[in-house]
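Beneath this line is the structure, given in structure tokens, with notes to follow.
The values are calculated or read from the model by the stated rules, or taken from the named source; none is laboratory data. What you see is a predicted model; the values in this text were computed from it and never measured. Note that we place each Cβ from the backbone using ideal geometry, even for glycine, and neighbour counts take in every protein chain shown.
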Amino acid sequence: MTIPVLIGATFLVFTIMHFAPGDPARIILGAGASEEALEAMRDQLGINDSFILRYGRFMLNLMKGDLGTSYRNGQPVTGLILGRLGNTLYLAISGILFAIIVGIPVGIISAIKQYSTLDNVTMFITLFVTAMPTFWLALILVIVFSVNLGWFPASGMAKGFPGFLVSLVLPTLTLGCGFAALIARTTRSSVLDVVRQEYIDLARAKGLPERTVIWKHMMKNALIPIITVIGLNFGVLLGGSVLTESIFSWPGVGRFVVESISFKDTPAILGCVVTLAILFTLVNLIVDLLYAFLDPRIKSQYRTSRGDN
């Protein structure tokens, strides 16, 4: 994500919060506060300043690495986000790992068994899961595994092991199932494109074991589209964690955003937007580096474009 895009995102969010109904001073002080107290709180928060002045102040502080102070509790936004960022990353990474572990093998098997009953059933299930609303899936998981079976807690994050891992299961399934279905369909399509290549037939004609053909020759060339989907959708997982964290009362950045919106806490919301944008940029950078690692031709093309020998 480039700097102009980041500026555009923060400006859009700031504009929405500026014109959205609600008075942070009244939310903080309560409905019974006097008008004098409300005015004093607005001056303290800087709400009475003009739109341009407030946004300019935010951008100047941002360039200094300061995300501002939360309206709700008067604490630095940076500290509030960092205290919750790890929990969000735990959830997003566990969702990605679940999606990869499930999606890639399912996609490979479905491609190898193309047009079979297994392939048709798998593609129907992945299509159904992809179209499934997140809140509905979360509700079903809670009813089945928490209310009826009592295997996992319905909400909250336990501290210590194994309680932490147990409380992570249902949010991970909610966040990762749709992503796993997408990876499975992408893997199937990518493997089918590669399996028709002549070098795959040559590898089989040499008598190589099917496992070697799949993992050494086939998957190495089929991974680039899969890596692209994983990288681009990591940001979607971070954004999707807003709903998942709210449903399961997971103390992460997503839940913090929802709570901040209810208080019209503009600095906290903007801080979350900037943090997630930076994370998304870092993931895209890692994906670009993986391209060169998986396919040396990409590195060669980059050197050629620079005029390197």
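Structure summary
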read-out	value
Residue within region 67-85 that is farther than 27 Å from residue 157 by Cα, surrounded by 13 or more Cβ atoms within 10 Å (Cβ to Cβ) and not assigned by TED's automatic domain parsing to the domain that holds residue 221 present	yes
Candidates 103, 95 - the one that is modelled with pLDDT of 85 or more, farther than 19 Å from residue 274 by Cβ and in contact with a Leu (Cβ under 6 Å, 6 or more places away or on another chain)	95
Options 121, 106, 102; residue that is exposed (fewer than 13 other Cβ atoms within 10 Å of the Cβ) and under 29 Å from residue 220 (Cβ atoms)	121
Near pairs, Cβ below 7 angstrom, 6+ apart or cross-chain, from region 120-133 (free of Cβ contacts under 8 Å to residues at least 60 places away in the same chain) to any residue that is loosely packed, with under 11 Cβ neighbours inside 10 Å and in a helix (DSSP H, G or I)	none
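So that you can scan it fast, the table gives a plain yes or no per residue for (1) surrounded by 13 or more Cβ atoms within 10 Å (Cβ to Cβ); (2) farther than 24 Å from residue 145 by Cα; (3) in contact with a helix residue (DSSP H, G or I) (Cβ under 8 Å, 6 or more places away or on another chain):
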site: 162; (1), (2), (3): no, no, no
site: 172; (1), (2), (3): yes, no, yes
site: 176; (1), (2), (3): yes, no, yes
site: 186; (1), (2), (3): yes, yes, yes
site: 191; (1), (2), (3): yes, yes, yes
site: 227; (1), (2), (3): yes, yes, yes
site: 250; (1), (2), (3): yes, no, yes
site: 264; (1), (2), (3): yes, yes, yes
